[in-house]
Amino acid sequence: MDTNWNDSLPIYRQLRDRVVAMILDGSLAEGDSLPSVRNVAAEHQLNPLTVLKGYQELVDEGLVEKRRGLGMFVREGATGKLMTDERAKFLKDEWPKVAETIQRLGLTVDELLKTLAKKDGGKR
């Protein structure tokens, strides 16, 4: 997990977002345990209550479950739920800005696809 925190969001929210990214990229699979609150707090020099608050957001969203005496685990179906939610969030919040920039710069679909093909080694 990245240790660089920025001032634009509360640390607990950034922590929550990093765990979400780990689930989406497969670093944390459904059924995997999250690193313990104590370990994350010690490793990143955070207050354990800050870590707990970030983890609690994941519980409240139904992505993680607490297992008494065992820790917190990624719930079954969390990846699919996150994909749906994150895609909708991207299309609502980010895509309009991206589309506006594309239009302002006069980029074509072909130019964008060529750039994407270069990035992923021509797999498209």
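The values are calculated or read from the model by the stated rules, or taken from the named source; none is laboratory data. Predicted model only: the values in this text are computed from it and were never measured. Because the Cβ atoms are built from the backbone with ideal geometry, glycine has one as well, and the counts that use them run over all protein chains shown. Protein only, heavy atoms only, side chains kept; ligands, DNA and RNA dropped before computing areas. Shrake-Rupley method; radii C 1.70, N 1.55, O 1.52, S 1.80 Å.
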Exercise. Name every residue in the stretch 46-73 that is basic (Lys, Arg) and under 17 Å from the mean Cα position of the chain (by Cα), in order of residue number.
Key: LYS53
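Do the conditions hold for LEU116, that is, is it modelled with pLDDT under 95, open to solvent by 40 Å² or more (accessible area, probe 1.4 Å) and touching a Lys or Arg at 6+ places or on another chain (Cβ under 8 Å)?
Details: modelled with pLDDT under 95: yes; open to solvent by 40 Å² or more (accessible area, probe 1.4 Å): yes; touching a Lys or Arg at 6+ places or on another chain (Cβ under 8 Å): yes.
Answer is yes for this residue.
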Exercise. Take the stretch 20-74 and flag every residue that is in contact (Cβ under 8 Å) with a residue 12 or more places away in the chain, over 18 Å from TRP5 (Cα atoms) and of a type in the set (S, T, N, Q).
Key: SER33, SER36
Quiz item: How many of the residues in the stretch 101-110 are assigned to a helix (DSSP H, G or I) and either open to solvent by less than 50 Å² (accessible area, probe 1.4 Å) or of a type in the set (S, T, N, Q) (or both)?
Solution: 3
Quiz item: Which number in (1) surrounded by 15 or more Cβ atoms within 10 Å (Cβ to Cβ); (2) within 18 Å of the chain's Cα centre (by Cα); (3) assigned to a loop (DSSP other than H, G, I, E, B) marks the one condition that LEU15 misses?
Solution: (3)
